[in-house]
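Encoded as structure tokens, the structure appears first; notes follow it.
The values are calculated or read from the model by the stated rules, or taken from the named source; none is laboratory data. Here the structure is a predicted model, which is why all the values come from computation and not from measurement. Counting neighbours? That spans all protein chains shown, and the Cβs are built from the backbone with ideal geometry, glycine included.
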Amino acid sequence: MRAAERPSGDTSAPQYLDRLRFPADPWRLVETEFSKDDLGVTETLFAVGNGYLGLRGNIEDGHDAHAHGTFINGFHETWDILHAEEAYGFARTGQTIVNVPDPKIIRLYVNDEPLLLSIADLIEYSRVLDMRDGVLTRELLWRTPSGNRVRIRSRRMVSFAQRHVAVMEFEVTLLDEEAPIAISSQLLNRAAGIDEYRANPTPNSGINDPRKASKLDKRVLEPRLHTGDDRRAVLGYQAENSKMTLAVAMQHTVDFDGDFDTVCEAEEDYAKHVFRARPRPGQTFTLTKVVSYHTSRVVPARELADRCHRTLDRVEAEGIAKQYEDQRAWLDGFWSRSDVEIEGHDDVQQAVRWNMFQLAQAAARGDGLGVAAKGLTGSGYGGHYFWDSEIYVMPFFTYTSPIIARNALRYRYQMLPAARRRAAELAQHGALYPWRTINGEEASAYYAAGTAQYHIDADISFAVDKYVRATGDDEFLSRNGIDILIETARMWADLGFWRKVEGKGESFRIHGVTGPDEYTTVVNDNLYTNVMARFNLRVAAKSLGKLRDRWPEQFEKVVARLGVTPDEVEEWERAADGMAILWDDLLGIHPQDALFNEREVWDLENTPADKRPLLLHFHPLVIYRFQVLKQADVVLALFLQGEHFTPEQKRKDFEYYDPITTGDSTLSGVVQSIIAAEVGYHELALRYFWDGLYVDLADLHENAADGVHTASTGGVWSALVYGFGGFRDHDDVLRFDPRLPEQWPSLTYRITQRGTRVRVTVRQESILFAIEEGPGLTVDVRGERHSLTQLQELEVPLDHQGERIPGAPDAQAFHGTVRADGTVITPSLPTSVTEDVEEPPTETQQLHMPES
Ligand code: BGC
């Protein structure tokens, strides 16, 4: 049971994990026992990556796997989307991240007996992902069938310091008897995704899960070169349709005090080095494998192979120890800027750091690429970039490693030409960003829950503005950011329209859009969209004004580049001021959209667990008919645009929407946690936080095998810093109004604003600020301003942690309310649920049905 569904009052950290197998440790994720039962999940949890290259936590022997996975950010294949029924402007180009040649395979044979983890007689086993070192280590003590005990220690690291490099080590020590050993280290391209050991390792559940990647089930990578000698082997490819190119090279070194021989083979789809030796008991054979990947949209594979050689040469010259040192130094820097500490709870601390580590692994060395929904840990969602990056991931980087945020935002800038074309295709001015994409083209085939999410434009603008305000990087604003702000503002000004309201003048409306909640689509005046569009229009005007006042030369360039006119800017401001923000007087809430409150309310309390998540059990039309949310929508607006809502409105809106929010998207709970904390539902805030924190670690949505829920990992940081930490950044002053959970003695986090890093420690009775770097800044604690300098820490007493409302909002509080038209709000369910109508047979079942 998810924590959010547990009885109220129970706010203790749920013991989701088997602590014998995964003991609590503040810096390391430790596994003490091997299991074949949850391979998919552990492959995700123990994945290593650097934002460019990602290696799933597959076992070295390559035998048992839920899904082998090696991914390069943005390296994708394209395909024609075949719509059963075509219509003008539908997305045409499917894009799917490619599972690239696998460098992880290192097979061991002792006396010709293969080490196969799933059947091996393991006397000892441990696997550790150390988040300070960025190294995955595995230690085994294996008793071979002939009784010889063998110690095997392996290490795997994807370098944060050198984005093209991965290092693997494999140490073998025989403990009892001398014996012949062979180690076969490989690069393997599984053409058409076929596992060499079984045709389809993942049994098909029979349910079409839209969260999985579209399968690329034919050969994608056309071989372009393969070479190999005793030192190195190189493979080169080109993707058939996208024409992207890739080269991967490996080099081995051996440390062994004795004779050994090496055989090399290189073919189109694999390269291997086999090492043979005959160690005596106690003698260690150490193999070090360095791998380098280079990829491109245009450069021929042969040239990329040269780049791989140069990278390997450099690593060889520097030595392996330096690679580990650089990794550690990079991570020391990362943690010093971003660590969040929760006193006295090692289990929570471990999970918090694991979540933040995932953010680094998803984005750190993307160096101008996007952040995929699953990072580089799995193929879920096809490796696509969504609004997840701007709303859930960028706040973390903006305040801890702004260069990473800048690089990712620059990628959005580079997508502008495609976004302009897409806007034109949809009969709009300005630019419309794709809902999901890798290469800038819209890849969402289902427009109602895809392209219709016009809010992506405002989400990107929101991230640009936050980045610029937090860093003062006006150079980015004037060269890249402003173009995004202007083109998206143009889109909104054109998409919306004016409507006369009897006796009240005019209001600006936005029709036919989908908000973040994908269980209600193509609606009029979605609250989130309108509030964020208003922000977008204003921030475009304001930023232009700032350039005009402070950087007139840059301003002139922007005007010349984009042809902006004063009338246009005035129109944006007028549209923002006239934006329709709907309000329901009877319920005293903001309706999610113009028709939302008309709908029947889905009775979630009486929905059986086996009918959830709704998206896997009901046709969209069934869901769309109801007031039921996949994820926070109004509640997200209350957070992102919080300064435009009163505390009373926030509480009422939260109380209305919380009971009808399923949380079927992991983007929901973390946001509900933040607003629950703000309005006073402190127990509930914590329960939502637990669910976000453990969503992958405890596989709460039963799909962690497809990869890490990266947006949720960013949301965990936001829930800590904005939620419990009470941080708000609606304007240039950093504001604090904390909501520390009763069980936590203290919570410490760090924020960097314009070169000043401040450490914030929240305790029950005070909030303490200490400048760790930079000159200082001004903060506001519950309405009082304080200047912080390097010279002195500042401790401000707190006499409360906000209002404390126990439990959760009453799900029935609004039932029985009479709508304006005299109808009564009553919860209900589709008949298939109440009468327990059998679901239709799945495809697999149908195949086995006897002919009648
Ligand atoms: C959510 C979207 C999100 C996508 C990728 C979906 O389930 O509804 O908001 O962008 O997942 O994470």
Within the range 329-349, the count of residues that are buried (at least 21 other Cβ atoms within 10 Å of the Cβ) and of a type in the set (Phe, Trp, Tyr) comes to 1
Check the range 526-546 and report whether any residue there is buried (at least 24 other Cβ atoms within 10 Å of the Cβ) and in a loop (DSSP other than H, G, I, E, B). yes
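Okay, residues lined up against (1) within 26 Å of the chain's Cα centre (by Cα); (2) away from the ligand (no atom under 16 Å from the Cβ):
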| residue | (1), (2) |
| --- | --- |
| TRP435 | yes, no |
| SER444 | yes, no |
| HIS455 | yes, no |
| ASP465 | yes, yes |
| THR471 | yes, yes |
| GLY503 | no, yes |
| HIS511 | no, yes |
| TYR519 | yes, no |
| VAL522 | yes, no |
Report task. Within the range 674-693, identify whether any single residue is crowded, with 24+ Cβ neighbours inside 10 Å, within 14 Å of the ligand (Cβ to nearest atom), within 25 Å of the chain's Cα centre (by Cα) and outside any loop (DSSP other than H, G, I, E, B), and answer yes or no. Result -> yes
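Matching residues to (1) touching a residue at least 24 places away in the same chain (Cβ under 8 Å); (2) crowded, with 20+ Cβ neighbours inside 10 Å; (3) within 27 Å of LYS272 (Cα to Cα):
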site: GLY54; (1), (2), (3): yes, yes, yes
site: GLY57; (1), (2), (3): yes, yes, yes
site: ALA65; (1), (2), (3): yes, yes, yes
site: ASN73; (1), (2), (3): yes, yes, yes
site: TRP79; (1), (2), (3): yes, no, no
site: GLU85; (1), (2), (3): no, no, no
site: PHE90; (1), (2), (3): yes, no, no
site: VAL98; (1), (2), (3): yes, yes, yes
site: ARG107; (1), (2), (3): yes, no, yes
Every listed condition ((1) farther than 15 Å from ASN480 by Cα; (2) modelled with pLDDT of 95 or more) holds for ALA408 save (1)
By residue number, the members of the range 748-799 that are assigned to a strand (DSSP E or B), exposed (fewer than 15 other Cβ atoms within 10 Å of the Cβ), in contact (Cβ under 8 Å) with a residue 24 or more places away in the chain and among the acidic types (Asp, Glu) are GLU772, GLU795
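Of the residues PRO620, PRO608, PRO647, PRO613, which single one is farther than 25 Å from PRO395 by Cβ, away from the ligand (no atom under 14 Å from the Cβ) and touching a residue at least 24 places away in the same chain (Cβ under 8 Å)? Write out each step before concluding.
Numbers: PRO620 fails: away from the ligand (no atom under 14 Å from the Cβ); PRO647 fails: farther than 25 Å from PRO395 by Cβ; PRO613 fails: away from the ligand (no atom under 14 Å from the Cβ).
Among PRO620, PRO608, PRO647, PRO613, only PRO608 is farther than 25 Å from PRO395 by Cβ, away from the ligand (no atom under 14 Å from the Cβ) and touching a residue at least 24 places away in the same chain (Cβ under 8 Å).
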When restricted to VAL716, VAL671, the only residue farther than 16 Å from GLU803 by Cα and either within 12 Å of the ligand (Cβ to nearest atom) or touching a Cys at 6+ places or on another chain (Cβ under 6 Å) (or both) is VAL671
(1) within 16 Å of the ligand (Cβ to nearest atom); (2) surrounded by fewer than 18 Cβ atoms within 10 Å (Cβ to Cβ); (3) not basic (Lys, Arg) all hold for VAL708 apart from (2)
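Tell me yes or no: at least one residue of the range 350-360 is more than 11 Å from the ligand (Cβ to nearest atom), in a loop (DSSP other than H, G, I, E, B), farther than 16 Å from GLY714 by Cβ and polar (S, T, N, Q).
Our first condition is that a residue be more than 11 Å from the ligand (Cβ to nearest atom); within the range 350-360, this holds for 350-360.
Subsequent filtering for residues that are in a loop (DSSP other than H, G, I, E, B) retains none.
No: zero hits.
Go through TYR392, TYR413 for me and flag whichever is assigned to a helix (DSSP H, G or I), within 16 Å of the ligand (Cβ to nearest atom) and outside the structural domain of VAL98 (by TED's automatic domain parsing). Give the derivation first.
Details: TYR413 fails: within 16 Å of the ligand (Cβ to nearest atom).
Result of the check over TYR392, TYR413: TYR392.
Please determine whether any residue of the range 169-176 is under 30 Å from the mean Cα position of the chain (by Cα) and either in a strand (DSSP E or B) or not basic (Lys, Arg) (or both). Walk me through it before giving the result.
Keep residues of the range 169-176 that are under 30 Å from the mean Cα position of the chain (by Cα), which gives 169.
Subsequent filtering for residues that are either in a strand (DSSP E or B) or not basic (Lys, Arg) (or both) retains 169.
Yes.
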Checked pairs for the range 233-261, first without any contact (Cβ under 8 Å) to a residue 40 or more places away in the chain, second among the small types (Gly, Ala, Ser) and part of a strand (DSSP E or B), C-beta under 9 Å and 6 or more apart or across chains, list as VAL254/ALA277; PHE256/ALA277; GLY258/ALA277; ASP259/ALA277; PHE260/ALA277; ASP261/ALA277
TYR324 meets each of (1) closer than 17 Å to GLU171 by Cα; (2) in contact with a Phe, Trp or Tyr (Cβ under 9 Å, 6 or more places away or on another chain); (3) in a helix (DSSP H, G or I) with one exception, condition (2)
